[in-house]
Structure formats: structure tokens, C-alpha cells
Amino acid sequence: MGSKPRPHVTEVGGDDGRPALLFLGSPVVADLEHMTSHGLYLYDIPLHDMSRDLVLLAEQRQAEAELRERYEKLATELQAANARLQLVTRWLDEERRRSDGLLYRMLPADIAADLREGRRVEAIHYPEVTVLFCDVVGYMVASSLCSNEAMYDMLNELYDRFDGLADEYPDVYKLETVSDAYLLAVNLSTRCDAHVDTALQFGLRMLEEAGRVRDARGEPVRIRIGVHTGPVAGGVLGARTPRFSVYGDTVNVASRMESHGLPGRIHITAASYARIADRSRFVVSERGCIPVKGRGCMQVLVGLGSGAKVGG
């Protein structure tokens with residue numbers, strides 16, 4: 001075992017010839033701060049004294065300890081920041097999914113993708129689409145007799161039912177609602193060979209659902225439906241509140257079929273009838289020619305399908 005160094009005292013002669021005691025030893029100090037508190041500095045310790053190395057080693061270890069402490073603190077802060085970042089990222093992802101879901105419900109997928117990328121949406125030509133218009137019979141009269149809130153509640157329940165039906169028919173694309181008018185199209189966002197059949201089936205379901213809704217006077221809501229098939233142009237007009245819709249003569253004719261229709265009936269044009277894929281599902285009767293604004297006299301048909309009365 002090594003021995004602990006001891007201070008050494010020796011007797012020497014002073015400058016004046018008187019005896020003096022010389023104390024030889026090393027100061028016991030922990031670090032530079034401890035040294036300065038005793039009025040000592042590093043140059044007071046001999047160059048080859050081990051105390052100098054001990055002080056410097058202690059100073060180095062203290063610096064390493066402080067650096068390690070700062071690193072551990074920084075690591076803890078980074079972990080907390082990373083956890084917060086993950087929370088924000090998950091929230092942003094969820095919000096993006098929600099906004100994308102809303103966007104894709106409002107617009108076809110390809111149109112929505114263009115808008116997200118900031119690209120201009122050009123008009124799209126659809127060569128053959130079946131358009132369906134629906135409105136509430138007597139809506140204007142009811143609006144003058146009932147409160148705005150009552151009319152809103154009635155339309156809200158009606159459109160909720162129609163939207164629920166649309167979820168059951170993936171080929172049906174709801175375009176818009178304007179007051180009491182409900183507009184949709186088939187063979188638009190997704191390919192559907194039997195687009196007229198799908199539109200008629202959907203129209204039959206709409207008639208059934210409308211009968212389950214009561215107006216402000218407690219009477220069943222009655223609707224009328226018009227259907228026409230032909231080419232349309234689709235796109236988004238304007239930059240604010242973008243909304244996809246279709247335009248062209250096909251839309252106008254479908255609207256005329258609805259406005260000239262009879263309550264509780266689906267009125268279709270000869271063009272739509274010619275494209276019914278499975279006529280065994282629909283018994284169609286002619287209503288005859290009716291004058292249509294901008295088109296002259298047009299042949300209009302009504303029919304029976306799926307056991308529900310849609311014409312007569």
C-alpha cells in the first residue's frame with residue numbers, strides 16, 4: 001500500500017542570520033474554484049507537483065459532468081418536444097383525413113386531386129350521363145304558410161334520407177341541392193353501364209323515403225322526379241367555395257322533366273328509356289308529348305318498377 005504524503009518541515013537560515021522554519025508540502029484543494037477561495041492560483045503550484053494534475057483532472061471531470069448533465073437535460077427536452085410533435089402530427093394527419101374526406105364527398109377524386117395540387121380544373125366532357133332532378137311538390141305555397149325554420153327542418157330530414165340512399169349506391173353522385181331541388185347524376189364519377197336503371201331505382205327509393213317525411217302541416221311530403229340521359233360538361237366554376245357540377249342541355253331537359261312532371265311520378269325522356277339495360281324491371285307507359293321550353297314537343301314516359309308506383 002502506498003503511504004499518504006506528509007508535509008516536511010526543515011530548519012534554514014534566514015537572510016538576517018536568524019534561524020527559520022521552511023514548510024514543504026502540497027495544498028489540498030479540490031478544483032480551481034476551491035483554490036481561488038484560498039487565494040491560490042495555478043501558477044502558485046510547482047509545475048511538476050501532482051496537485052496541479054489533480055486540480056486539472058478535477059476540473060476536467062467537473063466539466064464533463066456539467067456537459068453530461070446538459071446533454072441529459074437536452075435529451076429530455078428533445079424527447080418531450082418529439083412527443084409533442086408526434087401529437088401535433090397525428091392531429092394534423094387526422095385533420096387532413098377529415099378535410100380530404102369532406103373534399104372527396106364534395107368533388108370527384110380527380111378534380112379534388114387537381115385542386116389540392118393547385119392545378120387549374122379544366123372542363124371535362126362526359127359523353128353519356130343520366131341526370132336526375134327532384135323537387136318538393138307545393139314547396140312555394142308551403143313556404144308562404146310555414147316558418148323558415150319549419151321548412152328547413154323538413155328539407156333537412158328529407159335530404160338526410162336521400163344522402164343515406166346515396167351511400168347505398170356508389171355509382172350515384174350527388175351534385176347539389178338548391179332550395180327544394182335535389183340534383184344527382186349516374187355514370188359520372190364512376191363508370192356505370194346500367195346508369196339509367198340505377199337512376200330509376202334510386203328515384204323509386206326517393207319516392208318511398210319522401211313519403212316517410214312530414215311537412216309542417218303534418219302531411220307526407222310529395223316529390224316529383226325528372227330523368228334525362230345525354231352528354232354533359234363537368235367542372236368547377238370560380239375560385240371561392242369550389243363546387244363541382246355539370247352543365248349542358250342534358251341538365252336543362254332533366255330539369256324540365258321534373259318541372260313538367262306529376263306528383264309522385266318519375267318522368268323520363270325517350271333517350272333515357274332507350275338506354276334502360278333491363279327493361280323487365282320497369283313497366284313504362286307513355287304520357288305523351290308535352291311542350292318543353294327550348295325543345296318543342298317531347299315524348300315523355302312514366303313507368304312502374306320494383307313494385308312501386310312511379311307513373312300512370
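Throughout, read-outs are computed from the coordinates displayed, never taken from laboratory work. Fair warning: this is a prediction, and the values are worked out from it, not measured in the lab. Cβ placement follows ideal geometry from the backbone for every residue including glycine, while neighbour counts extend to all protein chains displayed.
Quick notes on this structure:
- When you count the other C-beta atoms within 10 angstrom of each residue and take the mean per peptide, 146-156, 244-254, 127-137 line up highest first as 127-137, 244-254, 146-156.
- For region 36-152: Kirkwood Rh in Å [reciprocal of mean 1/r, alpha carbons]: 23.6 Å
- Calculated P(r) of region 122-309 - Cα pairs past 21 Å, %: 49 percent
- Coarse-grained scattering of region 210-312 at q = 0.12 Å⁻¹, given as base-10 log I(q)/I(0) from a Debye sum over alpha-carbon atoms: -0.51
- Mean residue ellipticity (222 nm) of the chain, computed from DSSP H runs ≥ 4 via -39,500 (n - 2.57), nearest 500: -14000 deg cm²/dmol
- Cysteines without a disulfide-compatible neighbour (Cβ-Cβ under 4.7 Å), the chain: 134, 146, 192
- Judged by the mean number of other Cβ atoms found within 10 Å, the most tightly packed of the peptides 261-269, 217-225, 294-302 leads the ranking 261-269, 217-225, 294-302.
- Relative packing of peptides 93-99, 234-240 - highest average C-beta neighbours within 10 Å first: 234-240, 93-99
- Comparing 268, 245, 206 along the charge dipole axis of the chain, the residue lying farthest to the positive side is 268, per the Cβ-charge model.
- The antiparallel fraction among DSSP beta bridges confined to the chain stands at about 95%.
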